[in-house]
Every structure is written in C-alpha cells, then in structure tokens.
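Report on the structure given below.
The values are calculated or read from the model by the stated rules, or taken from the named source; none is laboratory data. Just so it is clear, the model here is predicted, and its values are computed rather than measured. Glycine gets a Cβ as well: all are built from the backbone with ideal geometry, and neighbour counts include every protein chain shown.
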Amino acid sequence: MATNNIELIGIVISDRKQGESSKILSVFTDKLGKVSIYGKGLMNPKSGLLASGSMFSKTKFLLQKGQNFYYIKEAHLLDSFYDIRTDFNTIVAVSFMAELLDRSFLEGIKNYKVFLLFEKALELSKSKKNLKALRLAFALKFMAYIGYKPNLKDCLVCHSKKNLRYFSAANGGFLCEDDIKLLDTENLKNSLIINDDIIKILQDFMFLTFEDIIGKKYDINFLAKTETVILNYISENLDINKFYSLSLEG
C-alpha cells in the first residue's frame, strides 16, 4: 500500500510564525533537500516538539506529505546545537550558512553532499574557532557542490600560474595580467584585483578540510578581501546581492 510518510534527518535553516503557536519550518534534509514543515503548536512551551523546531536543531523526523507542507508525525532530537545560539559570532556564521542554503535551493532538490557539508560546518562551529574562515570556506565549497566550482589553480586563458592578479566572477576563476585585457567591459567590472595572499586563502578554502582551515591563522585584512571575492562570486551566479545575516555584524 502506498504511503506518504518518509523518515529523514533534517536541520532547521529558517522559520516563520503561523498563528499564535505554530511555525512553518524550512528544513534542509538528507533525503529531500529543502522542505517546508508545518509545526502545529510548535511554539507552545508544553510542546514535546519545541526543541526540534528551534533554529539549527538537527532532528530525525517521520513526516507525512500534505498538499502544501510536510507534517510531523514523530520527531527525535539528535542535536539542539544550543551552544551555537548562545554566542553572537557563532550565530552570525551559522546564520549566513543557513541563509545561503535557504535562498539557493528550491524545495525538493536533493543534494546529500551539501547536507553533509552543512552538518560538518555546524558541528565544527561549536568550537567557536576561526568562524569567519569557516563560513567563507563553507560558501566556496558549497558553490562547487552545486555546480559553480571556480578555477583556482591557474589562469583561465593561458593556464599560467604566474602573475595571477584578477578574479573574474563572471568567468569563474583567475586571470593573469596579460589576459585581463581579453574581457569585455561588463565582465571587467565584475573582476576583482587579488594578490598571492588572497589566492592562497581561496585555495585553502576550496581544497583543505574544515578542520585544517579552522586550525590556521589568516590575516584579518586579507580575509576581508577574500570575503569580498566570494560574495561577489555568489552574487554573480546566484543573484544574491545581500545577506541579511551579515548585517548582524554591524
């Protein structure tokens, strides 16, 4: 007999209030990608599902598919990630990652690699180490996982590894001093000047593990410039021009 029930693991990436005590959760899951879950009475202090409906909580759900939403039949909290929600800098970092997921994915688009990437980044954010590097590395790896992997090894045109001085968001990679002149005016405007320090950070973020990245020390100024490169790349390819989570930084 056919059933509309499905068991999966999901992490809450956004929510909105519905009525007096209910919520609609946006949850990134291992089996279905992003789904909307209607949590009836979820905000009631006496609700047994209260913790499972909190931001960033990871839960094993048994869901029933409805016409517009999934509905919770059973929920077993796996990790509340409570410590994340008690530290401001960690909130900013994880909120950025969650916002990137929420605004990039349509519902029902499966991507198990992205789920594991987010799960790992959440786990490591508990350490509160090198949070800016962690969230930027997540963003760059995320872009690669959804099909926008930039070329961070050599010049896009001549494949030289020398004199790399620009990152072209439109073309997805480095350009050397000689080949930047090949870009048209529009693409040239979307190309940012880089140096060897920024190149090294970008390569670290793409090719090293999260564990190795948070264990390194990065110059704060070069990290800020690297952030500009990554956000510009996201804007060019995903049309996300502003992250509300980053406005928390002031």
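Values as computed for the structure displayed
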quantity	calculated
Residues located in the stretch 205-227, provided they are assigned to a helix (DSSP H, G or I) and of a type outside the set (A, V, I, L, M, F, W, C)	211, 212, 221, 225, 226, 227
Given (1) crowded, with 18+ Cβ neighbours inside 10 Å; (2) in the same structural domain as residue 232 (by TED's automatic domain parsing); (3) within 20 Å of residue 131 (Cβ to Cβ), number of the condition residue 56 does not satisfy	(2)
Criterion: touching a Phe, Trp or Tyr at 6+ places or on another chain (Cβ under 9 Å) and either assigned by TED's automatic domain parsing to the domain that holds residue 95 or at negative phi (or both) - qualifying residue of 239, 178, 204	204
Subset tally (residues that are touching a residue at least 12 places away in the same chain (Cβ under 8 Å), in a loop (DSSP other than H, G, I, E, B) and more than 25 Å from residue 227 (Cα to Cα)) for the stretch 63-101	5
Long-range neighbours under 6 Å by Cβ, at least six apart or interchain, first residue charged (D, E, K, R) within the stretch 193-221, second surrounded by fewer than 19 Cβ atoms within 10 Å (Cβ to Cβ) and not in a loop (DSSP other than H, G, I, E, B)	197/222
Of all residues making up the stretch 99-147, the number that are within 20 Å of residue 25 (Cα to Cα) and more than 13 Å from the chain's Cα centre (by Cα)	6
Wholly within the stretch 122-199, strands (runs of 3 or more DSSP E) carrying at least 3 residues that are crowded, with 17+ Cβ neighbours inside 10 Å	164-168, 173-176
Test: residue 128 is in the same structural domain as residue 91 (by TED's automatic domain parsing) and on the phi < 0 side of the Ramachandran plot	no
Hits in the stretch 130-177 - residues which are in contact with a Gly (Cβ under 6 Å, 6 or more places away or on another chain) and without any contact (Cβ under 8 Å) to a residue 40 or more places away in the chain	151, 156
Filtered residue count, the stretch 132-186, keeping only those that are within 21 Å of residue 111 (Cβ to Cβ) and among the aliphatic types (A, V, I, L, M)	8
Subset of the stretch 72-95 that is over 22 Å from residue 22 (Cα atoms) and of a type in the set (A, V, I, L, M, F, W, C) - its residue that is surrounded by the most Cβ atoms within 10 Å (Cβ to Cβ)	94
Residue 14 being buried (at least 17 other Cβ atoms within 10 Å of the Cβ), out of contact with any helix residue (DSSP H, G or I) (no Cβ under 8 Å at 6 or more places or on another chain) and not assigned by TED's automatic domain parsing to the domain that holds residue 240	no
